Amino acid sequence: MKIKIYKRLFGYLKPYKKKLSLAIFFSVIVGVIASSPVPLIQKTFDDIFVEKDFFMLKAIPIALIILYSIKASLVYVQNIIILGVSLDLVVHVREKLFSHIHKLPFNFFENNESGQLISRLINDVAIMQSTVTRTIKELVQNSFTLIALLGWIFYLKWDWALISILIIPVMVLPISNIARKLKKLSHKGQEILADISSTIVESFSGIKLVRAFGMESVEEKKFNSYSNNFLRVTKKNVKYMEITSPFLEVLGVISASVILWYGGFQVLTDKVSQGTFIAFIVGLFMMYTPVRILLKIFASFQVSIAGAERVFSILDLEEEKVKEGNIKLTGVNNSITFENVSFKYPSRKTSVLTKVNLKLEKSKILAIVGMSGAGKTTLVDLLFRFHEPFAGSISIDGINIKYYTLKSLRNNLALVSQETFLFNDSIRKNIAYGRPNASEAEIIQASKAAYVDSFVTGFEDGYDTVIGERGIKLSGGQRQRISIARAVLRNAPILVLDEATSALDTESEKYVQDALHNLMKHRTTFVIAHRLSTIKHADSIIVLDRGEIVEFGTHEKLISSSLLYKKYYEMQIR
């Protein structure tokens, strides 16, 4: 599993092969240079102090300056390359993940909170960055430093070197156990961070409700609970991560002490020179740093793996499979037809729609009435192909909508939903969301049609007014009127008005109803409404009950002959 994760992670680095090869080459040189003090120390003691070699007295300091100047330059260039590549990688993976999430089926968003997804995009992807940075910058460099130092100490005294490396097997088992614990803790920590993100998003988005019900303390308690859990997990993580250094230090000192005793005895008996002994001891102590870093990298990689697994778990999800044809829809010439359409959500046992049959002629208005949960919104969602019918078909001008390109189908549809969603941007950009290249005149014309212009002119910044997250700076009616202006500007031949006037006050509703009636004259329109006063002038009305069309006709016909429709109407009049 780990190999697969690493393979996939480093697969993203293929576009940067040349840069990374150069950085790795620099790492090798830097790693070798880092081991240079060992032979230089031997020369210093044996040639300068013992042999009194004045040439080496000059040559060794100059060599040190040159070598470490080269090392400093290479480290700088290497860091620029590696950090640049790792940052590019983060942006690339984050963009790919964001794009992929947008293409996942709708039930994915029903089962995953937005805060959880934010955590995957921000935290988990950022954790992956450290893998690349540390692998090339520290793993390669310290590996070659360690190899070079091992080479020197074996060259100086192979038997001492063998004694020194006997401690390595003792290190591996506890470090492996620590790594496993770190991976588990990292997974848990990322999950808690996701919960924290979800709590923040929900609490701040619903700040009015929180304050209206006096639930600030409850929200704080929930946030503090997650925060304290994260603190507890992080402290455990630190405890396991930091135990590696003192553990290795003790083992290193034990090894060095053995060599100090054994090697010191051989120096005193003139079997080994002082320069060899001192250089070996220095090399042995220098090995401690790369070994410590390498084992710490091994432990911290588990954290990166945990982040990568969470990211790839989403990237591995299959995108929404929408089979589309190659016919471009350019408008409605005749009619829209639903034939024996049935639909059931995967998470439910019963069908939401059952054998729905209806036909809407071009430029006519169809009103859809029914209690909550009757299947009204699902019916129009199928028209957008947000879901696929379980049985039956939907056709425009006699052609099944699955044979049209998805883009052309949706370009011919305009939606005004009961759940008004506005972006934290200017009023102008929110209106032009469906047509970003619309002219100023077209935006203002659409605004006037939806009676947006009347309140926008009262704002200091006019159409450049930034309305806050989800349009929090506006009233409910103002937000709904902007969403209607957005549909007007889109100028699509098919309109879907899903409770389009539900958030309007009586005065605003009158203005918007007039605008909508004018707008619907030349468009094929589906109107979903609980408020029956909004659909009196529809060409035809269907009454849905438990996913079935139980009544059909005009308002006058239904009010005189339909018990269910009449019941809905009288309840609202009362």
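The values are calculated or read from the model by the stated rules, or taken from the named source; none is laboratory data. Given the structure is predicted, the values throughout are model-derived calculations rather than measurements. We place every Cβ from the backbone using ideal geometry, glycine too, and count neighbours over all the protein chains shown.
Quick rundown of the values:
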quantity	calculated
Flag for residue 259 being free of Cβ contacts under 8 Å to residues at least 40 places away in the same chain and over 26 Å from residue 177 (Cβ atoms)	no
Candidate set from region 435-469 (those that are free of Cβ contacts under 8 Å to residues at least 60 places away in the same chain, among the small types (Gly, Ala, Ser) and buried (at least 17 other Cβ atoms within 10 Å of the Cβ)); member that is farthest from residue 487 (Cα to Cα)	438
Single residue of region 394-434 satisfying the filter (over 21 Å from residue 376 (Cα atoms), of a type in the set (A, V, I, L, M) and in contact with a helix residue (DSSP H, G or I) (Cβ under 6 Å, 6 or more places away or on another chain)) that is surrounded by the most Cβ atoms within 10 Å (Cβ to Cβ)	431
Exclusive hit being in the same structural domain as residue 292 (by TED's automatic domain parsing) and more than 27 Å from the chain's Cα centre (by Cα), set 201, 218	218
Neighbours by Cβ (under 9 Å, 6+ apart or cross-chain): first from region 79-107, under 24 Å from residue 322 (Cα atoms); second surrounded by 15 or more Cβ atoms within 10 Å (Cβ to Cβ) and among the charged types (D, E, K, R)	97/120; 97/124; 101/120; 103/320; 104/320; 105/320; 106/320; 106/381
Residue 139 being of a type in the set (A, V, I, L, M, F, W, C), at pLDDT 80 or above and crowded, with 16+ Cβ neighbours inside 10 Å	no
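Matching residues to (1) buried (at least 18 other Cβ atoms within 10 Å of the Cβ); (2) closer than 30 Å to residue 396 by Cβ; (3) in contact with a Leu (Cβ under 7 Å, 6 or more places away or on another chain):
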{"residue": "290", "(1), (2), (3)": "yes, no, yes"}
{"residue": "296", "(1), (2), (3)": "yes, no, no"}
{"residue": "305", "(1), (2), (3)": "yes, no, no"}
{"residue": "310", "(1), (2), (3)": "yes, no, no"}
{"residue": "313", "(1), (2), (3)": "no, no, no"}
{"residue": "317", "(1), (2), (3)": "no, no, yes"}
{"residue": "322", "(1), (2), (3)": "no, yes, yes"}
{"residue": "328", "(1), (2), (3)": "no, yes, no"}
